[in-house]
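Have a look at the structure below, then the notes.
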Amino acid sequence: HIQVTDANGTPTSSTVAFDTIIPTYTFEAEDFDWGGGQFIDNPQTNDYSGHDGLAEIDFHGTQNGGDYNRVGLTTESLAEKLRPQYDNTGKQDYDVGFNSSGNWGNYTRHYPAGIYNIYVRVSNGTGNSTADSGSISLVTDGWGSSSQTLSQLGKFGVPATAGWGAYTWVPVKDPVGNLAQFTSDGNTNTLRMTIDGGNCNENFFLLT
């Protein structure tokens with residue numbers, strides 16, 4: 001909240017939203033695995049379009065490909081201001097929406113080596129804050145099959161936002177409320193995002 005007073009003593013004020021999160025690595029919610037555990041390392045904008053996911057291996061939930069032209073979780077064109085990687089490309093940003101409890105998507109990458117906190121760029125236009133909207137887990141076995149084992153890293157709750165087109169950052173936290181940590185050795189890892197309850201639209205994920 002910024003308040004200033006001019007030379008005549010007249011005050012005015014404005015509320016400005018900003019964040020100071022410095023990303024190390026980001027990945028898009030619509031870019032879940034395809035073809036039974038297949039993935040694209042460091043994909044460019046819209047690279048996953050046309051690559052269909054396999055149910056119960058790459059994702060679980062609705063099989064409406066939505067606006068992004070791929071079978072899997074439902075995707076929607078995004079109304080938020082485009083990020084720099086989309087500028088002057090003519091390409092569209094998307095989110096994963098129309099979620100229901102139990103939906104999940106896998107995200108396989110060579111994540112950079114390091115120890116990270118995880119944030120989700122998300123909206124919740126229901127008007128109700130949800131304390132237990134989703135969780136992030138590490139797939140520990142069964143890659144490319146329908147029998148995968150998980151180690152949960154943490155959960156995220158989503159406050160009410162000013163409509164479905166208004167996004168905010170939420171941190172992934174461990175069971176005692178600390179920022180969850182994801183340790184990557186630089187080899188292939190698969191992270192899974194699961195909807196545990198409530199309603200939210202995920203735009204992208206950030207490691208920092």
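The values are calculated or read from the model by the stated rules, or taken from the named source; none is laboratory data. Since this is a predicted model, take the numbers as computed values, not measurements. With ideal geometry, Cβ positions are generated from the backbone for all residues, glycine too; neighbour counts draw on all protein chains shown. Keep in mind that these areas ignore ligands, DNA and RNA; they rest on the heavy atoms of the full protein, side chains included. Shrake-Rupley method; radii C 1.70, N 1.55, O 1.52, S 1.80 Å.
A few comments on the model shown:
- Extension gain from Ser13 to His110, taking 0.36 nm per residue of separation minus the Cα-Cα distance: 30.3 nm
- Carbon + sulfur, % of accessible area of the chain - ligands and nucleic acids excluded, 1.4 Å: 49
- For the pair Ile2 and Asp87 in one chain, pulling the backbone fully straight at 0.36 nm per residue adds 27.6 nm over the alpha carbon distance.
- Within straight-line reach of Lys81, meaning a Cα separation under 18 Å, sit the following aspartates and glutamates at least 8 residues removed in sequence or on another chain: Asp19, Glu28, Glu30, Asp67, Asp93, Asp95, Glu202.
- Computed extension gain for Gln181 through Tyr25, at 0.36 nm per residue and net of the alpha carbon distance, reaches 54.7 nm.
- When each of the peptides 125-134, 188-197 is scored by how many other beta carbons lie within 10 Å of its residues on average, the order from highest to lowest is 188-197, 125-134.
- Sorted peptide list for 83-92, 37-46, 24-33, criterion being average Cβ within 10 angstrom, highest first: 24-33, 37-46, 83-92
- When both bridge partners sit in region 1-125, DSSP labels roughly 90% of those beta bridges antiparallel.
- Relative to one another, the C-alpha centroids of region 84-154 and region 17-59 are positioned 8 Å apart.
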